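The structure appears below as structure tokens.
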Amino acid sequence: MALTKNKYVLDFVAESAEIGQPDKIVWIDGSAAQIKALKEEAVKSGELIKLNQNLLPDCYLHRTKVNDVARVEDRTFICTKNREDAGPINYWMDPKQAYELANEIARGSMKGRTMYVIPYSMGVVGSDFAKIGIEVTDSIYVVLNMNIMTRVGKACLDFLGKSEDFIKGFHAKCNVDAEKRYIMHFPEDNTIISVNSAYGGNVLLGKKCFALRIASYLGKNEGWMAEHMLILGVTYPDGEKKYVAAAFPSACGKTNLAMLIPPKHYLDMGYKIECVGDDIAWIRVGEDGRLWAVNPENGFFGVAPGTNAHSNYNALESTKRGTIFTNVALNTDDMTVWWEGLSKEMPEHCIDWTGKPWDRNKFDKKDKSTCSAHPNSRFTAPATNCPCVSPEFNSKKGVPLSAIIFGGRRASTTPLVYQSRDWNHGVFIGSAMSSETTAAATGATGVLRHDPMAMKPFAGYHMGDYFAHWVEMGKKVEHPPKIFNVNWFRQDKDGNFMWPGFGDNMRVLEWILKRCDDNPVDAVETAIGYVPKAEDIDISELDYNISDNKKFDIEALKEILTVDTEKWAKEAEEIEGYYNDTIQSRIPKELWDCLETLKNNCKPAKAEKPAAEEQPAKAAKPATAKKTSKKA
Ligand code: OXD
Ligand code: MN
């Protein structure tokens with residue numbers, strides 16, 4: 001029975017049913033009884049495998065088809081009336097043509113199946129940030145995952161009332177035919193259509209499709225921001241709390257940073273990290289002139305491989321109950337799950353992610369095809385399971401941001417951390433981000449590509465307009481957060497990671513937040529921005545072997561803080577090429593000015609000048625075209 005009288009919702013459901021032609025329509029009220037019954041049905045049909053309920057209560061395993069394991073960026077479309085508005089780095093399709101194509105593919109595909117109607121809210125139901133979505137789908141897996149990742153049920157419809165203001169999402173699994181797979185967004189119609197996939201990022205329509213692509217478009221028009229960012233809180237020994245948002249590309253450690261456990265001596269002093277979100281931030285200007293952020297999601301859709309008690313204890317704990325695992329291995333000895341990196345010991349009897357017996361003796365860590373779990377295998381876990389979930393997780397007004405951090409995987413060039421000179425320079429740094437690709441999307445991994453603000457796959461409109469929106473937001477915020485860039489992935493000449501990462505990133509976070517104080521710690525002004533003095537990063541009790549014969553020490557720290565102006569001159573050229581050849585138009589003048597400053601700062605004559613007196617560089621100092629390059 002329909003859970004609402006809202007005419008617009010009823011019309012959307014009726015139109016969807018006309019296309020899909022399901023045997024049955026079931027409205028999801030989100031009640032425990034309904035969810036339990038759906039899990040039982042999915043176990044019966046083989047869509048879910050019930051795991052050991054003593055060791056992993058209410059946990060299940062799901063396997064996707066082997067052709068359907070990641071986001072498909074080349075089949076993801078922004079369908080705007082005007083092609084230019086989708087911009088040069090989104091795939092575009094004419095909306096009329098897109099609707100026709102999708103309808104033709106989906107027509108009759110739900111025959112013999114049930115169509116579920118999921119009313120959900122991104123953000124705490126009833127808060128100023130919250131937005132309602134209705135997803136129809138013929139997949140129980142989608143219903144169960146959406147029930148973890150979003151706030152689902154009748155309360156969302158009650159909040160919506162008679163309004164037309166909701167995002168329509170139509171998902172039909174069809175035959176999971178990769179050649180007919182389309183993820184289509186119609187930002188001008190508040191509509192999303194996804195056909196022929198059952199992989200999370202393509203079908204949990206509240207996540208990437210709504211909370212990033214459609215929301216970024218809404219944010220531009222309504223004066224707020226939807227970003228691919230984690231949000232974390234740092235509690236100081238005296239109880240003070242500060243919040244940070246950080247944008248890293250997919251599978252580059254957002255979940256790890258969001259839940260980090262500080263090194264022991266920080267814990268002993270009383271420092272604590274709390275997780276508000278691990279993937280998406282919706283950000284608005286608060287009445288106090290600061291930026292306030294919420295995590296619109298309700299769970300974590302985290303990458304499993306590499307997650308263990310050392311790399312991310314809190315994430316692992318979050319998966320211990322009420323979790324759906326996708327494409328990990330099944331340990332048949334005790335009906336638990338396993339993935340590469342979970343433990344040193346590999347299970348003796350295991351079914352791999354494709355459903356075949358796995359022989360640990362054939363495992364070769366250099367050959368991904370020998371892995372038991374898919375490199376992009378996932379866990380969908382409720383946020384409230386997380387031992388360090390922030391008390392502000394359900395806050396209706398969000399948390400105020402002191403800092404925004406950008407970062408990517410860069411083997412060289414980019415130092416461990418640096419700070420922008422001001423907001424616009426920070427926007428420039430975000431716009432110029434590049435990172436090595438990962439298994440989160442189909443295609444080659446480890447290839448360096450531009451990923452501005454980690455939003456390349458997620459900005460629902462022209463990237464030049466998106467940069468301009470950032471610049472505009474800067475004008476609206478009286479007390480903007482400071483903007484930083486980090487790189488945990490610098491390598492030595494033998495390819496060893498030079499920074500330990502994980503919990504030790506706390507040391508960098510501490511410096512970042514000190515730079516946000518009224519009396520910030522000093523920094524060195526370089527060609528690219530403010531870099532820490534090595535002695536200002538706390539490396540006490542840091543015990544890390546870069547390689548068998550090299551331990552991490554202050555010299556190694558100095559090395560990863562180095563700004564090589566020759567390399568940066570090349571980087572500036574590269575950024576200019578990206579602006580001109582890829583983004584092409586609509587890039588705001590403020591960013592061109594920053595690029596010009598970078599180019600000037602890296603000119604050999606200037607770079608070779610003897611370093612001038614060091615500046616007690618106040619973060620709030622207005623941007624100057626200062627040309628000296630100093631080493632930390
Ligand atoms: C994700 C992604 O799943 O970015 O969060 O791909
Ligand atoms: Mn993501």
Would you tally the net charge around residue 220, using a Cβ to Cβ cut-off of less than 10 Å, leaving residue 220 out, and scoring K and R as +1, D and E as -1? -3
Which distance in nm do the two modelled labels at residue 544 and residue 221 give, with both placed 7 Å along the Cα-to-Cβ direction? 4.5 nm
Round to the nearest 10 and report in Å² the accessible area of residue 573, as given by a 1.4 Å probe over the protein chains' heavy atoms. 130 Å²
The computed P(r) of the range 554-594 puts the percent of Cα pairs beyond 13 Å at 65 percent
³J(HN,Hα), Karplus 6.51/-1.76/1.60, whole Hz, each residue of the range 49-66, x for Gly, Pro: 10, 6, 8, 4, 6, 7, 7, 10, x, 6, 10, 9, 10, 10, 10, 8, 5, 5
So, with a 1.4 angstrom probe, what is the percent of accessible area on the chain that is carbon and sulfur? 49 percent
For the range 477-522, treating each Cα as an identical point scatterer without solvent, what Debye log10 I(q)/I(0) comes out at q = 0.22, 0.27, 0.31 1/Å? -0.84, -1.01, -1.13
So what does log10 I(q)/I(0) come out to for the range 21-79 at q = 0.13, 0.16 Å⁻¹, using the Debye formula with one equal point on every Cα and no solvent? -0.57, -0.79
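Per residue, what volume in Å³ does the convex hull of the Cα atoms of the range 157-245 enclose?
Working: hull volume 13.6 nm³, N = 89.
Convex hull volume per residue, Cα atoms: 153 Å³.
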With 10 Å bins from 0: P(r) over the range 348-484, alpha-carbon pairs, percent: 9, 25, 29, 24, 10, 3
What accessible area per residue comes out for the chain, rounded to a whole number of Å², with a 1.4 Å probe? 39 Å²
Post the alpha-carbon centroid distance, the range 526-567 to the range 442-519, in whole angstrom. 18 Å
So how far, in whole Å, is the C-alpha centre of the range 293-370 from the one of the range 58-136? 27 Å
Rounded FRET efficiency, nearest 0.05, which uses the C-beta distance separating residue 361 from residue 74 and R0 of 41 Å: 0.65
A 20 angstrom limit on the alpha carbon distance is what I want to check against. Which of 131/220; 476/514; 131/272; 96/168 exceed it? 476/514; 131/272
Given a 1.4 Å probe and heavy atoms of the protein chains only, how would you sort 174, 79, largest accessible area at the top? 174, 79
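The values are calculated or read from the model by the stated rules, or taken from the named source; none is laboratory data. Just so it is clear, the model here is predicted, and its values are computed rather than measured. Every residue, glycine among them, receives a Cβ derived from its backbone with ideal geometry; neighbour counts consider all protein chains shown. Areas reflect the complete protein model, heavy atoms only, side chains present, ligands, DNA and RNA absent. Shrake-Rupley method; radii C 1.70, N 1.55, O 1.52, S 1.80 Å.
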